[in-house]
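Below: one structure, written as C-alpha cells.
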Amino acid sequence: MFRKSFKSISLFFRYAPGLTALKLFQTGLSAVFAPLSIYFTQRIVDTAAGAVSGAGGWNALVPWVSCLLVSMLFYNMIGGGFFDGILYISMRRKLNAGMTPAILDKFKRLDYACFEDKDVQDTLQRMSSDPQDKLFQLFLNMLGVLESAAGVVGAALIFSQAGWQFAAGFAALLVPMIWLDFKAADMMNTMMSNQSADERMMHYLGGLLSNKSPLFELKIFGAVEYIAKKWRGVSRDVLNARVRTTIRSQKYFLISTILFKCWSFYIVLGLVSAVIGGRITVGLLTALITSTWAVLNNADRLSHTVQNLRQQHLMMEHYHKFMSLPEITDGGEPLAGGAPHIAFENVAFTYPKTDVKILNGVSFEVRRNERVALVGENGAGKSTIVKLLCRLYRPDSGRILINGRDIQTVDAAALRRVFSVVFQDFCKYAFTLRENVAFGDISKLNDDGALREALKTGLAEGIAELGAPLGKLEDEGMDISGGQWQRVAVARACLPGSAFVVLDEPTASLDPVAESDMYRSFAQVLKNRGCIMISHRLASAAMADKIVVLSGGAVTETGTHGELVAAGGLYARMYESQSAWYTPVSSGSSGAPGSPGSPGAPGSPGVPGSPVYAESGRRAADGAEEALSPVAGATGGAVEALSPFAGAEGGAV
C-alpha cells in the first residue's frame, strides 16, 4: 500500500516539485519539534529543581527556555496558519493545471472498446469524481502518517528514559490498533466497491425520473411510480448494506478504542510508580505527564490516518487503472493514392465481453466516389461495419483496406478526411447551433458561409441563428424537435469535405416530405463524393450504385437495385414487403396486402410478375434510379411515388 501510495505522491513531484519538497521539509520539521518540546520541558524543570535545591544556578534555565520558545514559535509559523494555507492553495493550483489536461488527453486516446467493459465503467464512476482532490487528500494523509510516525518514535525514545516497557508498549499498542483500523476500512471499501453496479442503477433510474424525454413517456404510460418504486428499492438495499457493514466494522473500532484507553491508564500508573521508586526525575515526570495526552492522541491519529490512507489509496487505484487502460493505436502513416478505395477482406468481429459473432467473413469493396447502401435486418451488422470503418473497434480477423493500406496503420487525421458520419444514435450537444455544426470540422467554427451551406444541405436552415444555444442547459436555450436535431446532425456531417459521407439511418426522425427533400439534397451534394448509407427504407437504397445485403453477419447479396429485385432473394422479399403498402390501390379493393387487387396480390402493381414491377426493374437495370418510396403524398385515395433521387439524377419521375 505504501509503495503504491508513494507512486501517487510522485505525481506531486511531476506537477509541483518545488512546492512538494518545501511541504515535505515543513512536515519533517514539525515532526521533530513535538518530541523536542518534551525534551526541552524536561530540561527546564530539572534545571529549575536543581536551582531550587542549590545544585545549580538560574542562569542555566536561559538556553532551555530559549530553545523551547524558539521551537514553539517556529512550529506555529511553519506548522499552520497563513503559510500553510498559501502553500496548499499553490499546490492544488499546480496539481489541477497538470492533472486535468492529462485526464482529458487520456479520454481522447482511450480505446472505444473499453466502454463495453463493466469493470471499466466502475473505474470511470469511481475515478471521475474529482481525482485531483483524492490525490491531494492522499498526499495530506501521507504527510500525516510521516508526521505522526516521527512524533510517536520521538516520544517513545523520550518515554524510554522512564523504562524500556514504555517504548515496548508503544509498539504493542500501535500494531493491533493499525491492524484493527485496517480491517474496518477494508470492510467499508469492499462494500463500496461491490455497490458500484447498484449506484449506476440508482443514477440511471434517477435520470429517468429527472430527464424530460423518458419522463414524458413514463407519464403517458403511467409508469412513473413503477420506476420510483425501483429507485426506492435499490436505494434501500444500498443503504441497508452500508448500515450493516458500518455496524460490523464498529466492533474493530471499539476494540481499538479499548486498547487505547488501557494504554493511557498504563502510562499514568507507570509514571507515578517510577516517580515513587525514584527511577525518573521530577522534570521528566512533568514533561511526560504534560505531554502524555498529546502523545497518545498522536498515536491514535497515526492509526486513523493510516486507515484514511488506505481508503484514499484505493480511490487512487481507480485513477491509475484508468490511466493504464488501452489506447487507440494510431499508425501515423499518411494516406496516398487520390480518392480512397475501400475494401473489406474476410472481416470478422465480436463485441467485447460477448460471444456472439456480429460479422463473420464479410468481404466487399467501395470504389472511388461510389454510393453503396448496406441493407439487412436488425442485428445483421450494418452499424458495426460503420464503427469498424471509423476505427472505433478493431476486427477480430480480416482486414479493412483504404487504397490498399490497412486502416489500422492510417494516420487519424487522414482517416477523418476520408469519412464524416451521421450515426444512428447521434449526439445532441447543449451548445450553440454554430458549435453543433462546427463539430464536424472545428476549423470552420467561425466560417459562417461554410456553416450556413452545411445547414442548407442538411435542410436545417431557419432552425435558429448560428449563435443560438440549443437544448435546455441555458435559460435561453431552444428545445428543438427530434427531426430538427437530426437535420443538425446531417449538417454536421456535410461540413467537412470528406471523400465519403457515412449515413446511418440519416432520416429516421424526419417526416416523409422532409425525407424526400433530404435525399434530393444528398443527391446534389454526393455527386462528387462517395457515400455509404444504411437505411431500413429500401426505396432510398435505389439511389445507390451498389447494394450490399447482410444477413447473419455475412454478405449474402451484392448488386444494383434492379439486379437484386430480379434475383428474387432477401432484398427482393424485403423490398416487396415494404412496397406493398405504397402501391396504388383501386377504390374497390380492400387494400390489404395479399388480397385480390391489393399491393401484395400476384399480378398487382409492385409485385414481381406485374407489369409495373417489371417496368420498374427494367428502368433500374437501364440506369434510371427509380423505386417506390414511402415519402409520397396521397392522391385520389392512392399513395404512389418514385424515389426522390430519380428526379435529381435525371431519371423519370
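Of all residue pairs spaced 6 or more apart or on separate chains, those with beta-carbon atoms under 8 Å, a first member in the stretch 152-180 that is assigned by TED's automatic domain parsing to the domain that holds Ala34 and more than 20 Å from Phe253 (Cβ to Cβ) and a second member that is crowded, with 19+ Cβ neighbours inside 10 Å and polar (S, T, N, Q) are Ala155/Ser291; Ala155/Asn298; Ile158/Gln42.
Conditions tested, residue by residue: (1) at pLDDT below 85; (2) closer than 25 Å to Ala491 by Cα; (3) surrounded by 15 or more Cβ atoms within 10 Å (Cβ to Cβ).
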{"site": "Leu388", "(1), (2), (3)": "no, yes, yes"}
{"site": "Gly404", "(1), (2), (3)": "no, no, no"}
{"site": "Val422", "(1), (2), (3)": "yes, yes, yes"}
{"site": "Phe431", "(1), (2), (3)": "no, yes, yes"}
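Of all the listed residues (His341, His320), the sole one being at pLDDT 80 or above and over 30 Å from Gln132 (Cβ atoms) is His341.
Every residue, every condition in (1) over 29 Å from Met91 (Cβ atoms); (2) among the polar types (S, T, N, Q); (3) part of a helix (DSSP H, G or I), yes or no:
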residue	(1), (2), (3)
Leu140	no, no, yes
Gly144	no, no, yes
Asn189	no, yes, yes
Leu208	yes, no, yes
Glu225	yes, no, yes
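Output the qualifying pairs, or none if there are none: Cβ atoms under 6 angstrom, residues six or more apart or on different chains, first residue in the stretch 229-243 and surrounded by 14 or more Cβ atoms within 10 Å (Cβ to Cβ), second residue at pLDDT below 90 and charged (D, E, K, R). Cβ pairs passing all conditions: Val234/Asp198; Val238/Asp198.
Contact annotation: residue pairs with Cβ atoms under 7 Å, 6 or more positions apart or on different chains, pairing a residue in the stretch 17-38 that is closer than 15 Å to Ile89 by Cα with a partner that is surrounded by fewer than 19 Cβ atoms within 10 Å (Cβ to Cβ) and modelled with pLDDT of 80 or more, are Leu19/Leu87; Leu19/Ser90; Leu19/Lys94; Thr20/Phe13; Leu22/Leu87; Lys23/Leu87. For Asn446, the conditions (1) crowded, with 16+ Cβ neighbours inside 10 Å; (2) at pLDDT 90 or above; (3) more than 23 Å from Met533 (Cβ to Cβ); (4) not acidic (Asp, Glu) are fulfilled apart from (1). Considering the stretch 73-93, and only residues there that are touching a Phe, Trp or Tyr at 6+ places or on another chain (Cβ under 8 Å) and among the hydrophobic types (A, V, I, L, M, F, W, C), the residue that is modelled with the highest pLDDT turns out to be Met91.
Screening Leu138 on (1) surrounded by fewer than 18 Cβ atoms within 10 Å (Cβ to Cβ); (2) at negative phi; (3) within 29 Å of the chain's Cα centre (by Cα); (4) not basic (Lys, Arg) shows it passes everything except condition (1). Report whether or not Ile385 is touching a residue at least 12 places away in the same chain (Cβ under 8 Å) and of a type in the set (Val, Ile, Thr). So Ile385 passes the test. Within the set of pairs 6+ apart or on separate chains, which have a first residue in the stretch 449-462 that is exposed (fewer than 15 other Cβ atoms within 10 Å of the Cβ), a second that is assigned to a helix (DSSP H, G or I) and among the aliphatic types (A, V, I, L, M), and C-beta atoms under 7 Å apart? Between residues of the stretch 449-462 that are exposed (fewer than 15 other Cβ atoms within 10 Å of the Cβ) and residues that are assigned to a helix (DSSP H, G or I) and among the aliphatic types (A, V, I, L, M), the close pairs are Glu461/Leu455. The number of residues in the stretch 141-160 that are among the polar types (S, T, N, Q) and buried (at least 17 other Cβ atoms within 10 Å of the Cβ) comes to 2. One residue stands out in the stretch 161-186 among those that are surrounded by fewer than 17 Cβ atoms within 10 Å (Cβ to Cβ) and aliphatic (A, V, I, L, M): the one that is nearest to Ala241 (Cα to Cα), namely Val175. Scanning the stretch 45-59 for residues that are of a type in the set (A, V, I, L, M, F, W, C) and at pLDDT below 75 yields one hit, Ala55.
Within the stretch 473-489, residues that are assigned by TED's automatic domain parsing to the domain that holds Val437 have Cβ atoms under 7 Å from residues that are among the aromatic types (Phe, Trp, Tyr) and not in a helix (DSSP H, G or I) in these pairs: Gln486/Phe426; Ala489/Phe426, counting only partners at least 6 apart in sequence or on another chain.
Within the stretch 453-484, the residues that satisfy the criterion of being part of a loop (DSSP other than H, G, I, E, B) and charged (D, E, K, R) are Glu461, Glu465, Lys472, Glu474, Asp475, Glu476, Asp479. For beta carbons closer than 8 Å, sequence separation of 6+ or different chains, a first residue in the stretch 182-211 that is farther than 17 Å from Gly233 by Cβ and a second that is loosely packed, with under 15 Cβ neighbours inside 10 Å and β-branched (Val, Ile, Thr), the qualifying pairs are Met188/Thr246.
The values are calculated or read from the model by the stated rules, or taken from the named source; none is laboratory data. Just so you know, these numbers come straight off a predicted model, no measurement behind them. Note: ideal-geometry Cβ built from the backbone for every residue, glycine included; neighbour counts use all protein chains shown.
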